[in-house]
Structures are given as C-alpha cells and as structure tokens.
Amino acid sequence: MFGNLSDRLAQTFKNLRTKGKLTPADIDTTLREIRRALLEADVALEVVKDFIAAVRERALSDEVNQALNPAQQVVQIVNEELVAILGGEQRRLEFAKNPPTVIMLAGLQGSGKTTLAGKLANWLKDQKQTPLLVAADLQRPNAVNQLQVLGERVGVPVFAPEPGNGIGDPVKVAKDAIEFAKKQQYTMVLVDTAGRLGIDEEMMQQARDIRDAVNPDEVLFVIDSMIGQDAVNVAKAFEDGVGITGVVLTKLDGDARGGAALSVASVTGKPIIFSSTGEGIDAFEPFYPDRMASRILDMGDVLSLIEQAQRAFDADEARSMAEKMAKNQFTLEDFMEQMQQLRKMGSMKAMLAMMPGAGQLREQIDNFDEREIDRTEAIIRSMTPSERRDPKILNGSRRLRIARGSGMTVTDVNSLVNRFEQAAKMMKTVQKGGMPTGMPGMPAGMGGLGMGGGKGKAKGKDKKKGSKSGNPARRAAEEAARLAGEKPGGSSEGNGSAFGL
Amino acid sequence: MAFEWFKKVKDKVASAITETPEVDTSLHAPLEAPVAAPVVPAPVIAEPVAESVVKAAPEPTPAPVVEPEAEPEPVTAAAPAPEPEPEPAPEPEPEPAPEPAPARVSQPEPERELEVGQRSFASRIRSLFTGVQFDPANLDDLEDILLLADFGVDASEAIVAEVKRLAAAVGAKTERELKNILVSVLTNSLELPNRELNLAGEKLPYVFLMVGVNGVGKTTTIGKLAAWLAEGEWQVVIGAADTFRAAAVEQVATWAKRAGAKLVGPDRDGQDPASVAFIAVETAVTDKADIVIVDTAGRLQNKLDLMSELSKIRRVVEKTVPVSEVLLVIDATTGQNGLQQAKAFAEVAQVTGVVLTKVDGTAKGGIVYSIQKELGIPVKLIGFGEGINDFAFFEADEFARGLVG
C-alpha cells in the first residue's frame, strides 16, 4: 500500500528512470499509473482526464525525445502541469482601497469555516490589521457561540447581535456589521456564514443576499482537503451560486492525498490562497502552489518546514546553541532544550512527512513513536545538573538511579547516552561545514534536524545546486542553504534531484 | 410498529436489572438538568405510536413538540426496521420508495415524519446518473460513473466487471435492465449482517461512542439519535466529551435540549474528555438511564496523540460498563481518505458501525463500499439534513436504488 500520491508517483517514476529512451508504450503505462494515483488521491475525474491528455501530448513531443534524460523530462512535465493547475504563483489577499476590507467565508457544512475565521483573524492581527469577526452563521447550533470563544481566544472582537440556533437574519447581521466596522474603523471584516449545500437553492440565495449586502472584496470558498469527487460539483455550485474569488483548503494536516486542491483550482480557475494545517489557532499559512506540486511529486515541502522551524526557533537561542557546539560545550541539558524546541514545531511525524524523499521513509515515519521524546526527556530529567553537563561521570550506580527515577531500564539510559554522544559528534561535524552521512538514529537525527532553522546562514557558503544525497535531513539543510540565496519558486532546477535522476 | 421491539428489549433488560444491586455514585452532578422528564417507567407498553412523548419546555426554536403521527401504523407495513429478535414481520421487499419523505427540511419542523425504521432515504440520494450520459452499449462508462461517486478505482473496476458478467449471462441490453443489474450487484455487495444498533445487551446503560474526523456531523447525529431514542422512551444521557473545540459543549447541549436528553458536560475548560465520558456513564448508572451517547472531539486519524486519547476514553468508560457501539461518522463528501479514517479509528476504538452523513448533497458516499468490503464494518445509519428527523437506518437495497435512481 502506498502512503500517498507522492509515493505513488515516485513508484511510477522509479520504473521510468531506468530507461534511456521512452517508447509510446512506456508513456502509456506511466500515464495509466499516474491516472490511477491521481484518482486515488481524489483528484476529480474530469481533471484527471484533462491532466493526462495534456501530459501525454507533451510527453510524445520532441521536447521529451530530444531530452538527455527522457524520464526526467516526463517528471518535469508532470510537475509543470501540476503547478499550472494549482495556480502558478501564490496569490495574496486583496485589500480594499478604502477600509474595511470585507472577506466572506462560504462552504459546505463541516468544512471548517468558523475555525478558519478564527485563524484568519489571528493571522490578520499579526499583520497589524484590526479585524472584526461577524457571526452570520445563525443556523448551526452554537456557531455564534463558537465564534465568540474563538474571537476571545485570539483577541478579536466579534459582532454577534443575534443568538443564532435558527434565530435572526444573517443578511441583516452582515449588513449591520459593515456599518459597525466603518464606524469603529476596523480595517478588516470577516463574515462567517452557515454551511450550505450547493444544491440548496434557498440557502444559496441567502448566501448571495449576504454577499450583496456586504459587497465583499474576497469571497473565500472553504473546502475540506479530504473531499472526494464531489469537490468539482461543490466548487462549481459555489462559483455559480455566490461567485468566489479564492479558495481555502482546510485539514491539510491530515493524511488525505489532497487531490481536492487540484480539482477545485482546475474547475473554478480560482487560486488557493490559504491552507489550514492543524488544531492550533496558528496552524494556518498562505498556500504555495509550487510547494504543493512539489509535495505531490515527492519533493517534500521543505519550504513550509523551514518556515515552521523559523517560527518555532528563537534566533538567539539558536545562536547560543551554535556557539556552545563550537566550543564543544553541548550538554544533555541543551539536548533536551533542543528537543523541546522541536516540539514547538508540532508533530514530529507531520514534520518528517514534509521532508523530501519521505515517501521511502513512510514506514519508518509511521513506526516512529512520539512518546519516544517523552521517555528521553524523562531520563534526562532524572539526572542531576552535573550529570547533564557531563555525562562522562555516569557510572553504573548513577545509571541505575536514573533508570529507576525515570521508570526506564538501564539499557534505555545507556542507549540515550550513546545516542547523545553520537549526536554531539555529528554536530561537531556539522559545525565544520559538512553533513554526516546515513540516516541517524531518531533522537540523534532530530538533533541534526533541529539545526535546520538556525543554521541557514551558516550554510550559505557551501551552496550546491540540487543535492544528490539520499539523506532527507541533508537535503533539507541544503535546500535551506539554497534558499538563502534564492527566492522560492525556482523549483524546476532541483526537480530531478529529489528522484535521484 | 411503534417502538415495539424497542420497548420489549428495554423491558426485558430493565426487569433483569432491577434485581441487580445498583452502583451508587452520586459524585458528580450533571451540568444541566434534563429538559424533559419523560414518563420513563419500564412497564409502559403502548401499542400505538400516537401516544408520543410530549416534551416539556421546548426551546424557542421550532422544535418538534408533539408528534401528530396520526394512527398506529399497520404492523404489516414493509418495515426495514432492524429487528433484534425474529419477529413474523414480512421481510423488506424492495419496492420503490414506500413513501417519499418530504422534499427538504432545512430546519427542524414540527411535522413528524415516518418512523425511523420506515423512513425511506432512497429519494434523498441523488442518482449516479443525474446529468450523466449513460450508453448501455458501452459499459466502460459505468466505471467513470462509479468513480465519480467515490467508489474508488478498485471497487469501480470490480463492480463493472461483475455487471458485465451478469449482463452477458442474462443478455441484458437495455438501460433499464443494466441498471437493475447494477442495483442487484450493489445490493449484494453492500449487504452485511449486524446492521442494527446493538441494543440487546444484558446490562444497562448501553454506551454509544461517536467518533470521526472534524466536521463530519458527529454532534448533529447525536442529536438525531438521542431524539429518536428518547421518543422510544429510552432515557438518554449525552456525555459532551468534546472539550477541545470552542463551544462544542454548547452545541451538543442545544441538541440535547431538543432531544430531551440529559447532558453531562465538563466542569472546566479543557477537561480530560475521558473523565467527562466516565462521569457521564456514572451519572447514567446513578440515574438508571438506558443509554449514554458520548460525543468526542473531531480528530484527524493521523494524529497519534489524539487517537490514543480516544482509546483512553474507551478504556475508561469500560471500567464501568462495556461499550455497545462505537459509531464512526463519515461525511458522504469524503473521498478515498475515508478508508484510512475507518482503518485508523477501527484500530484504536474498535468501531462497530458507520454513520454516513450528508447524503442529501451531491456527494454519494461511495467510499462506504470499500469500508464495508475491506474492513467489514457495516453502515448502520444514514443522515440527510439538519432536521432532527433527517436520518434513517441504512439498507443496502435502498442505498443501491437511490444511487441508481
């Protein structure tokens, strides 16, 4: 069983890349595999058909035959077509010339509109805007209440004159909200609306009425990334019914293959602007079409990973850590601190899954137990400060004490100490400018990983194009280095490398 | 028909239970008093449905107050109701939509529909063939049609192969014949035993656990289920164990009110959901309630920590009473990821049944085919709207007929 679309395509291309020359039959086989992979990833059937046709046409042209490595060329084409459908460049939110900018959220029931409203408000607040949330979902029980709680949590006022639960007129609420926002000089107005079915004419009319009442600068269509073939119908219905200006993809942190992104973008021609990626209020980011395509093509989502790291890592802390390592003073205390910082980045698994080449590591990732970190932490916490600073003093009796204190066995303690020593050694190598080879043991690997965020600039000097390394950690770091000099978007050049082509 | 079978079970269990020493745990007071104090005593054996539970103090919303269900249903009506014990009721004969349900209910309406067991949902599903060209001469088109309904590549191929085989065997040519074959292929492969809700245990209260990813309609389903059970004179306690999402407790509280069920919620924000579930069950035991439905927070199946939280809820509840049903709620719009969801939830929470929601949209929910096929977990309920009556028991033939249209 393949993990996801990335894996499927990687598998397909593995067969391709052994060939120097492609026959039409080769291409057909490959395209069949791609079709299947896309369908299993919930890309809409009509989109798959168009996509396959486009790729086939290009794959049969001279473009491929004259290429040095035809297989790589097909990969390239698939990637380009994916990016093209996903909307090419990333689009930003449109702001009104005269505030307030009005954003209306629309979508099916349970697609995550209300939660997204809270996240968006939080994000806008970080952008130095003064948003106002408007509770115009008066249908679902306690949607108003939910929005109020979210507003309170992110410190954004909520305009909610009606209690909801079927009482009140959402059109009037929306209208009044605009007046209110103008008077109070809010710069952004976020209108949360009730979930509705595309075929529910009455409710779609209501959505149009709300739209006409608030005259929004953006109508964002919120859609669950787990949606299947129906994405097309729903997107069309909302496009025809309310007229959308952009799309938000929610629950992207799940393991859904995310074909909906392709379907919706392709059918509506509207860009995906944001993606929502977790339970936390800040699990929300702009959508990067090229990154999504890379993710689909098993190039990993390195850019998102790095951004996440940067958010979680304190630059000063990272610097002092680097200094410590330079002076060979890296201790178990620092090790633990680092692990805690990593924790801030979110689930280890989610992070690993974003790494390029993660497809092949899927099993390892699946088997990775997040609690391993807890156990490691428990062991370190059972040490005295002097032991943490200098693990060399750990004799048998100390180790036994630590094992008892942390509820682990002496073997566990031993292996932690060993791993720590390895990690310390590895970091020394890193400090000298190289990267160790081979996939390190988990916590040690994390140690190496953890440096990704802080070390971007340090690595700037050994700027290589497209690493050939099979080690994801290494590629991540190198990708980071490449980034220091380049703007995101120049993905085409590195393409082949991720497949080792 | 009423809730005859239902009450029977209940009486049997209730009488069995009166002898057993009661577990007294008046530790925790429930968050909210029950809205309705329905006549609960077990030995009420009423034949007609019309005796209808009158819910005291309905909330301002147009909630169903009195069921104006006219007269006792003839017992001979084709009732696809799940029968826990063999009764001489006639087997459900696949006849086209016994009684078309009202077209659309966007809000709870005071009007009572058919009883759940007799409600037809076939008419609520949009046909696979709506707006699609189906050329009887080219059965390969059928594969695309099935793909569009989220059956997935493997299932679609298998179904089409089977239809082709049967069509060749009987020499079916016309569209009607082929569609009939498709209906029977789908019905046969969707047929699974154990489709009825497990309401037959020896010991009350029965515990139902609702699980699923975010936004699939768990809370709404609980509201509908609770209302139906309350109508059958089961005393229902709802445990609001979604302590994570903002205002989730309030949302389920609103449904509890509508349904006339007792709500047990957390004492403070972010309380361990397992403890809420535990208290809910304890409360039910103290109150001698019949059924506890535990609402849980939506969680994506790849979040290990949240999934282990779920198995903890189950473990903790089972300290008091065994869990009778773990219902996985699946949104009909869900694509192939639905299978991953079912696998993951089945693993941590031993799912006993699936609830397919939102089939009133354009989505068909074809993924349940694979879920049943691969995991053997039956679809038990089907939901189709926001009204409190908008659900029915799943029936393979009805689903198939609805899909083929």
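A compact table of results
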quantity	calculated
Test: residue in the range A:111-123 that is over 21 Å from the mean Cα position of the chain (by Cα) and touching a residue at least 12 places away in the same chain (Cβ under 8 Å)	no
Subset tally (residues that are over 22 Å from the mean Cα position of the chain (by Cα) and not in a helix (DSSP H, G or I)) for the range A:206-223	5
Single residue of A:198, A:243, A:228 found to be away from chain B (no Cβ under 13 Å) and under 16 Å from residue A:267 (Cβ atoms)	A:243
Condition met for residue B:339 (crowded, with 24+ Cβ neighbours inside 10 Å and either over 18 Å from the mean Cα position of the chain (by Cα) or at pLDDT 90 or above (or both))	no
Conditions (1) assigned to a helix (DSSP H, G or I); (2) surrounded by fewer than 20 Cβ atoms within 10 Å (Cβ to Cβ); (3) more than 13 Å from chain A (Cβ to nearest Cβ); (4) of a type outside the set (Phe, Trp, Tyr); number of the one not met by residue B:314	(2)
From A:145, A:165, residue being polar (S, T, N, Q) and out of contact with any strand residue (DSSP E or B) (no Cβ under 9 Å at 6 or more places or on another chain)	A:165
Residue in the range B:366-388 that is in contact with a Leu (Cβ under 9 Å, 6 or more places away or on another chain), in a loop (DSSP other than H, G, I, E, B) and of a type in the set (Ser, Thr, Tyr) present	no
Those residues of the range A:140-152 which are within 7 Å of chain B (Cβ to nearest Cβ), at negative phi and not β-branched (Val, Ile, Thr), in sequence order	A:141, A:145, A:146, A:150
Among residues of the range A:1-51, those that are in a loop (DSSP other than H, G, I, E, B), at pLDDT 80 or above and aliphatic (A, V, I, L, M), counted	3
Any hit, the range B:341-353, residues being facing chain A (nearest Cβ under 10 Å), over 16 Å from residue B:225 (Cα atoms), part of a loop (DSSP other than H, G, I, E, B) and not aliphatic (A, V, I, L, M)	no
Whichever residue in the range B:283-302 is within 14 Å of another protein chain (Cβ to nearest Cβ) and aliphatic (A, V, I, L, M) and, among such residues, is nearest to residue B:318 (Cα to Cα)	B:297
Residue within the range A:139-152 that is over 19 Å from residue B:220 (Cα atoms), surrounded by 24 or more Cβ atoms within 10 Å (Cβ to Cβ) and in contact (Cβ under 8 Å) with a residue 40 or more places away in the chain present	yes
Candidates A:254, A:278, filtered to the one that is of a type outside the set (Lys, Arg), surrounded by 21 or more Cβ atoms within 10 Å (Cβ to Cβ), outside any helix (DSSP H, G or I) and within 10 Å of chain B (Cβ to nearest Cβ)	A:254
Residue count for the range A:224-246, restricted to those that are in a helix (DSSP H, G or I) and among the aliphatic types (A, V, I, L, M)	5
Failed item in (1) loosely packed, with under 14 Cβ neighbours inside 10 Å; (2) in contact with a helix residue (DSSP H, G or I) (Cβ under 8 Å, 6 or more places away or on another chain); (3) not small (Gly, Ala, Ser), with residue B:194 passing the rest	(2)
Subset of the range B:328-340 that is in contact with a Ser or Thr (Cβ under 8 Å, 6 or more places away or on another chain) and assigned to a helix (DSSP H, G or I) - its residue that is farthest from the other protein chains (Cβ to nearest Cβ)	B:339
Single condition residue B:363 does not satisfy, out of (1) outside any helix (DSSP H, G or I); (2) under 28 Å from residue A:194 (Cα atoms); (3) more than 9 Å from chain A (Cβ to nearest Cβ)	(3)
Condition check for residue A:151: outside any helix (DSSP H, G or I) and among the small types (Gly, Ala, Ser)	no
Members of the range A:158-205 that are among the aliphatic types (A, V, I, L, M) and in a loop (DSSP other than H, G, I, E, B)	A:160, A:194, A:197, A:199
Residue among B:332, B:284, B:274, B:280 that alone is small (Gly, Ala, Ser) and surrounded by fewer than 24 Cβ atoms within 10 Å (Cβ to Cβ)	B:274
Residue within the range B:168-180 that is within 14 Å of chain A (Cβ to nearest Cβ) and either outside any helix (DSSP H, G or I) or at pLDDT below 95 (or both) present	no
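The values are calculated or read from the model by the stated rules, or taken from the named source; none is laboratory data. Just so you know, these numbers come straight off a predicted model, no measurement behind them. For neighbour counting, all protein chains shown are included, and Cβ atoms are generated from backbone atoms with ideal geometry for every residue, glycine included.
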